[in-house]
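Input: a single structure, listed below in structure tokens.
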Amino acid sequence: MNILPEEIIATAITHLRDILSLAIMHTPEQAALVIYDTQCPLAIALTESYQKVLPEAEFMDFDTISPAEIFAAFKKMKPFDLVVLIQSSSFRLNDFRIRVQLFEQSLKVIEHPHLARMIGWEPVYYIESLAYDPVYYRGVGHALKNRIDSASSGVVDSEGERLTFSAPFELAKINIGDYTGMKNVGGQFPIGEVFTEAQKLESVNGRVRIFAFADTSFRVNKPETPITLVITEGRVTDVIHSTPEFDAVLAAIRADEQEVWLRELGFGMNRAFTPDRTVSDIGTYERMCGIHLSLGSKHGVYKKSNFRTRDTWHHVDVFAVTHTVYLDDNIVFENGSWTI
């Protein structure tokens, strides 16, 4: 299986070195373990790149070793050591995700899942998305969080259609490579997102055009014509220019939850992804520079009294045609970029 061109590997090495030093703050005194597979070109390319930037690390091929050997390697590690997971799909050793277990050991984690979903030019876009600009991510990210936390309302203008949030927002969470004061260091890469939701979900009304959505296979689906969602008191009440694939998503949500709630309001920051530069994996593309929303009542971060955890099943990302974004009366996004 061919890996990516050498110039792309060189770019990956540069970006990974920045992630390690500027975001994860890994030092030579801390041990590093890289668990990888060789099932797709992007996984092979990232493994080769990590071999360059972490020459002292231990490398283990997931497909050639036993779970017992992996657990033994984890057990040897000390708090603040680093584990990197390079996965063509998603590694499983038991009923829980590996990242959760590693965080419980106070280990730093960099996770690259579902790499085999990147096809065509997508591995190049993925590697470009690993670029870490601390001035941009931390400056804009914290400014967005501060503006969200103090706002009493917001509007997403998607080229004529307006989705209005007429109540304050939940305290925003950041995924910008700044782990100051956080319990866990690291997570899934690429990064670049600030997210929140309305404190009162029923305060969300209007229309929003979406150009892409997560289909039932967790892949990015981009219809020929944007789909318009009609939102009434926080719920999807009508859909214009739908597709069979999107109808299937809505049917699945309604089958389990009866209604289709709109919850997350995500402010994506990763400039490597745009409406025209997409990747197939929804968890990766979620960082796209612009607005994404979630459909379904599931959201593990924000608890709402009218939702019982056992009754929430779906969290489906949809991506808004984003012309302008307002927080209160202030424009925070226009012309394809954040303005604060």
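The values are calculated or read from the model by the stated rules, or taken from the named source; none is laboratory data. Values in this document were obtained by computation on a predicted structure and should not be read as measured data. Here Cβ is always computed from backbone atoms with ideal geometry, including for glycine, and neighbour counts include all displayed protein chains. Quick note on the areas: whole protein, heavy atoms, side chains included, nothing else; ligands and nucleic acids left out. Shrake-Rupley method; radii C 1.70, N 1.55, O 1.52, S 1.80 Å.
Results, tabulated for the structure shown:
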quantity: Of all residues making up segment 52-93, the number that are under 25 Å from the mean Cα position of the chain (by Cα) and without any contact (Cβ under 8 Å) to a residue 12 or more places away in the chain; calculated: 1
quantity: Residue in segment 287-301 that is exposed (fewer than 14 other Cβ atoms within 10 Å of the Cβ) and over 18 Å from S166 (Cα atoms) present; calculated: yes
quantity: In segment 175-196, the residues that are in a strand (DSSP E or B), crowded, with 23+ Cβ neighbours inside 10 Å and of a type in the set (G, A, S); calculated: G186
quantity: Qualifying residue in segment 157-165 (condition: polar (S, T, N, Q), open to solvent by 40 Å² or more (accessible area, probe 1.4 Å) and touching a Gly at 6+ places or on another chain (Cβ under 7 Å)); calculated: yes
quantity: Residue pairs meeting the criteria (Cβ under 9 Å; at least 6 apart or on separate chains; first at positive phi, in segment 174-186; second among the basic types (K, R) and outside any strand (DSSP E or B)); calculated: G177/R138; G186/R99
quantity: Members of segment 98-138 that are in contact with a strand residue (DSSP E or B) (Cβ under 8 Å, 6 or more places away or on another chain), open to solvent by 10 Å² or more (accessible area, probe 1.4 Å) and closer than 18 Å to G177 by Cα; calculated: R99, F103, K108
quantity: Candidate set from segment 215-243 (those that are touching a residue at least 40 places away in the same chain (Cβ under 8 Å) and assigned to a loop (DSSP other than H, G, I, E, B)); member that is nearest to R162 (Cα to Cα); calculated: P226
quantity: Filter pass, A143 being touching a strand residue (DSSP E or B) at 6+ places or on another chain (Cβ under 7 Å) and closer than 18 Å to I291 by Cβ; calculated: no
quantity: Single residue of V332, V316, V321 found to be closer than 17 Å to R207 by Cα, under 22 Å from the mean Cα position of the chain (by Cα), crowded, with 20+ Cβ neighbours inside 10 Å and not small (G, A, S); calculated: V321
